[in-house]
Structure formats: structure tokens, C-alpha cells
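The block underneath contains the structure these notes are about, expressed in C-alpha cells.
The values are calculated or read from the model by the stated rules, or taken from the named source; none is laboratory data. Because the structure is predicted, anything quoted here is derived from the model rather than measured. When we count neighbours, we look across all protein chains shown, and the Cβ atoms used for this are built from the backbone with ideal geometry, even at glycine. Side chains are part of the model used for accessible areas, which takes the heavy atoms of the whole protein and leaves out ligands, DNA and RNA. Shrake-Rupley method; radii C 1.70, N 1.55, O 1.52, S 1.80 Å.
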Amino acid sequence: KSPIGTLDDTENTTFLGAWNTVLEYLLTNYPCAKLGIIVPNGCTRPYTDAIRAVARRWGVPYLDLPGDYAVPLLNRVADKEEICERARALRNEQFSVSEKNRHPNARAHEFESTIVEHWLRSL
């Protein structure tokens, strides 16, 4: 993992510096492009918080898979603190490759793809 850095970083040696570099480039060179960022489930909290912050900084809409309660619960979601452990366990059982491998299975990808597709069409 790369160091997160700060929202003011401009070098691509940090996570936020790389985001700042890419977003500035895209907004400069593709001013009419429809940009959006997907905050992925399965990442650690400092990185999901950083993605949200950099998206807000640059005015880029984002789909917050792990943090938005309007998004259906997926597996490997840690950001929604109000979700009960039983609901988390059910999603992890239904949508994981196996008990030891919590990566999303084909069913999870199909379920998640409809959420992502709907959001992309809204941009």
C-alpha cells in the first residue's frame, strides 16, 4: 500500500497525490467528460475516507459502495457501522467466494453491477 498523504499532495508518490494528479489532468484535458469515482467495498477505512475527500475536493461525484446507506449492503463492507453483525454475516456468506476467501463471487458481481450501471447512467 502507498502512503495516503494529504489532500494538498501533488506528487504521485502518495495515494492522494496520485488522485490529485489524475483528476487535475482529466479536468484540464477532458473538460466535458463525465467523471465519477467509485468508492470500493473491501478497502480499509483510511483509503475509503481519502477517496471520498478527494472526490469532494475536485467536485467529482462518487458512488459510495461501503458508506452510503442508500446503496444495498454488499459483502466486505466495514464503513456502515449501524448495520448489525447478522446482516453482515448473511451478505458475506451469500456473496463471498468461500468462507476463507471473502472476495466477491459471481453472484456478488452480478448484484453489484446493477448498482454501478444505474449510477453510471446518472452521470
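Structure above, values below:
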| quantity | calculated |
| --- | --- |
| Single unsatisfied condition, Arg45 versus (1) within 20 Å of Thr14 (Cα to Cα); (2) at pLDDT 95 or above; (3) among the charged types (D, E, K, R) | (2) |
| Residue tally, condition part of a helix (DSSP H, G or I) and either buried (at least 18 other Cβ atoms within 10 Å of the Cβ) or touching a residue at least 60 places away in the same chain (Cβ under 8 Å) (or both), over segment 1-25 | 6 |
| Residues (among the small types (Gly, Ala, Ser) and either touching a Cys at 6+ places or on another chain (Cβ under 8 Å) or assigned to a loop (DSSP other than H, G, I, E, B) (or both)) located in segment 83-119 | Ser98 |
| Options Asn41, Asn75: the member that is farther than 20 Å from Ser122 by Cα, touching a helix residue (DSSP H, G or I) at 6+ places or on another chain (Cβ under 7 Å) and part of a loop (DSSP other than H, G, I, E, B) | Asn75 |
| Filter pass, Arg57 being open to solvent by 70 Å² or more (accessible area, probe 1.4 Å) and in contact (Cβ under 8 Å) with a residue 40 or more places away in the chain | yes |
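The rows are residues; the columns are (1) exposed (fewer than 15 other Cβ atoms within 10 Å of the Cβ); (2) closer than 26 Å to Gln94 by Cβ; (3) in contact (Cβ under 8 Å) with a residue 24 or more places away in the chain.
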{"position": "Thr28", "(1), (2), (3)": "yes, no, no"}
{"position": "Pro46", "(1), (2), (3)": "yes, no, yes"}
{"position": "Asp49", "(1), (2), (3)": "no, no, no"}
{"position": "Pro66", "(1), (2), (3)": "no, yes, yes"}
{"position": "Leu73", "(1), (2), (3)": "no, yes, no"}
